[in-house]
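Below you'll find the structure, written out as structure tokens, and then a few comments.
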Amino acid sequence: MITGRQTYGSLDESIGSMVLNPKRHKLAWWMFFLFGLMGSGLLVVSITWLVYKGVGIWGNNVPVGWAFDIVNFVWWIGIGHAGTLISAILLLLKQQWRNSINRFSEAMTIFPVMCAGMFPLLHTGRPWVSIYWLFPYPNIMGLWPQFRSALMWDVFAVSTYFSVSLLFWYIGLIPDFATLRDRAKKRWVKVIFAIVSLGWRGSNRHWHRYEQSYLILAGLSTPLVLSVHTIVSYDFAISQVPGWNTTIFPPYFVAGAVFAGFAMVLTFAIPIRKAYGLKDLITMRHIDWMAKITLATGNIVFFGYILEVFYAWYSGNPNEWDMTFNRRFHGPYAWAYALLILCNCIAPQFLWSQKLRTNLNFLWVICQFVGLGMWLERFVIIPMSLTAEYLPAMNKMYYPTIWDFCMFGGTIGFFTMLMFLFIRFLPVINLFEMKDLLYKISKHPTSGPPAAAPSIDPNPMVPEGA
């Protein structure tokens, strides 16, 4: 899990210098950051125009009341699942291969949830008029949220998920902030890291409290991984819309979220690994294991697609079969379903081959197929299902507008900007956990000579200079 001749000092240099040495960030970083900044500007323009004109600028109609907005909401929420899975569940299972990838995986929990939260908020119309009715607060009108609605469950599940994930991420950063505080040369940088490290000295009392709080938050995060996307799936599964009311949705949505999340982690891990020379820390073993998880969850999603067709046939419901056969297999949206099967079912099957799994260029391309396929899955489920009502007279096609695409593209830019700011100003790999892993490897080598020989005080848990 660590290759090369590593020492505690070399770990500080390879990881910490990405924050403390601006020269580590070359032209490519600026190009992607400016791309994200322009996308964020497009998002601001889209939201401003939306608030001014109303949701009529989108392609939503009757009966397609949910369209790109909810498609993008579910897609972004799904991307954020791999981070909590890697950080919390693998921590509780004591899987130390998480150490190299958990930090930016956690970032890919927080930033997608920020993007996702925009869509239901703006979908309500003018939020300052309607959004406060979603929260239970005393009011003279005696009106309370309808807690039997899955839409209300979303509000509390997503907000709780975001809060716990943000706190979990920040607590894990505190020891690394102290290390950067001690290594920083500039006074103002030292002051900033001293503030955010909360007076961390690396004492036994600090470590005891840190480990307790970290484990508690991991325990809280673990059920949230399963509950959040399960509750999102209830938005559809408890309805009576053809194509939605199926009991396979909760596990199928959770597996799809992990599938998309790991593909996005690989999308960033592969180029970051190469650009910053982190091949000894994010090894091919990490890449291979993440590809295997992507393959496993992809096959669960594939099985879910098969079950959807089986349920439509076995139920004997003509509306369900019409939705599956005449809307998905044929009809004007058949191209989306065919591309979905190609991206989510056929493309991941190449990952059965270890040679292709460890071909980084090929694996990166497969991850882009997965990202596109998971977005198309939400498009197929949400607006496509709404175009066919029980009354044929209500059927109506859905066509997105330019503002639908601008809003979606803007959130991609916003996410990219946040990710590259994170790469610039925060350690992308968990520094103290890598030192701990290096210490264990040097003391207990599995075979042959030690993978690394620490050259300084063999207590990796105390930041340098503390």
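The values are calculated or read from the model by the stated rules, or taken from the named source; none is laboratory data. No experiment lies behind these values; they were computed from the predicted model shown. Neighbour counts run over all protein chains shown; Cβ positions are idealised from the backbone, glycine included. Ligands, DNA and RNA are excluded from the accessible area calculation, which covers all protein heavy atoms including side chains. Shrake-Rupley method; radii C 1.70, N 1.55, O 1.52, S 1.80 Å.
Positive-end ranking of Tyr234, Gly316, Phe119 along the dipole of the chain, with charges on Cβ about the Cα centre, is headed by Phe119. Once the Cα-Cα distance is subtracted from the 0.36 nm per residue extended length, the Glu211 to Gln349 segment shows a gain of 45.7 nm.
What value, in deg cm²/dmol to 500, does the helix sum -39500 (n - 2.57) over DSSP H runs of n ≥ 4 give at 222 nm once divided by the residues of the chain?
Working: 19 runs with 292 residues, N = 466.
-20500 deg cm²/dmol, from helical runs alone.
Quick one: accessible area per residue over the chain, 1.4 Å probe, rounded to a whole number of Å²?
Numbers: 20880 Å² over 466 residues.
Heavy-atom accessible area per residue stands at 45 Å².
Across the stretch 85-99, computed HN-Hα scalar couplings (Karplus, 6.51 cos²θ - 1.76 cosθ + 1.60, θ = phi - 60°) run 4, 5, 6, 7, 5, 5, 5, 5, 8, 6, 9, 7, 6, 5, 4 Hz from first to last residue, x flagging Gly and Pro.
Please identify the helices of the chain, taking whole runs of DSSP H, that span at least 30 Å along their own axis as judged from the Cα atoms and have a mean Kyte-Doolittle score of -0.5 or higher.
Numbers: long enough: 27-53 (39 Å, 1.57); 102-123 (32 Å, 0.76); 150-183 (49 Å, 0.86); 204-237 (49 Å, 0.09); 249-275 (39 Å, 1.34); 284-314 (44 Å, 0.70); 360-381 (31 Å, 1.45); 402-425 (34 Å, 1.56).
Helices passing the filter in the chain: 27-53, 102-123, 150-183, 204-237, 249-275, 284-314, 360-381, 402-425.
Any lysines with Cα under 29 Å of the Lys53 Cα? List them, leaving off those in the same chain fewer than 8 positions away. Answer for Lys53, where 29 Å is the Cα cut-off: Lys396, listed by chain and number.
Select from the stretch 40-127 those trypsin sites (Lys or Arg not before Pro) which occupy a DSSP coil region and have at most 16 other Cβ atoms within 10 Å, ordered by residue number.
Working: sites: Lys53, Lys94, Arg98, Arg103; in loops: Lys94.
Passing both the DSSP loop test and the Cβ count: Lys94.
Suppose accessible area is computed on protein heavy atoms with a 1.4 Å probe; arrange Phe408, Phe249 from highest to lowest.
Details: Phe408 30, Phe249 0 Å².
So the residues, ranked largest to smallest area, are Phe408, Phe249.
Can you list which of the chymotrypsin sites (Phe, Trp or Tyr not before Pro) found in the stretch 1-82 are DSSP loop residues with at most 12 other C-beta atoms within 10 Å? Filter output for the stretch 1-82: empty list.
List the relative contact order of the chain as a percent without decimals, with contacts defined as Cα pairs under 8 Å and 6+ residues apart.
Working: 647 pairs, mean separation 158.0, N = 466.
Answer for the chain is 34 percent.
Give a quick list of chymotrypsin sites (Phe, Trp or Tyr not before Pro) in the stretch 142-173 that DSSP marks as loop, anything other than H, G, I, E or B, with at most 12 other Cβ atoms within 10 Å. Present the calculation step by step, with values, prior to reporting the outcome.
Details: sites: Phe147, Trp153, Phe156, Tyr161, Phe162, Phe168, Trp169, Tyr170; in loops: Phe147.
In loop regions of the stretch 142-173 (DSSP not H, G, I, E or B), the sparsely surrounded chymotrypsin sites (Phe, Trp or Tyr not before Pro) are Phe147.
Across the options Val225, Ala184, Leu173, the greatest Cα extent toward the positive end of the charge dipole of the stretch 154-275 (unit charges at beta carbon of Lys, Arg, Asp, Glu) belongs to Ala184.
Solvent-accessible area assigned to carbon and sulfur over the chain amounts to 70 percent, based on a 1.4 Å probe. Alpha carbon centre of the stretch 203-221 versus the stretch 17-96: separation in Å? Here the answer is 29 Å between Cα centres.
Of the whole protein surface, His286 contributes about 0 Å² of accessible area at a 1.4 Å probe radius. Accessible surface for Tyr399 stands near 150 Å², nearest 10, in the context of the full protein assembly shown (1.4 Å probe).
Legend: distances between Cα atoms for Lys94/Lys292; Lys26/Lys440; Lys190/Lys435; Lys94/Lys185; Lys26/Lys292; Lys26/Lys355; pairs beyond 29 Å are Lys26/Lys440; Lys94/Lys185; Lys26/Lys292; Lys26/Lys355. Which of rounded, prolate, oblate describes the stretch 39-178, given a ≥ b ≥ c as roots of the alpha-carbon gyration tensor eigenvalues and a/c under 1.5 marking rounded, otherwise prolate only if a/b is larger than b/c? Judged from the Cα gyration tensor, the stretch 39-178 comes out prolate (a/c at least 1.5, a/b above b/c).
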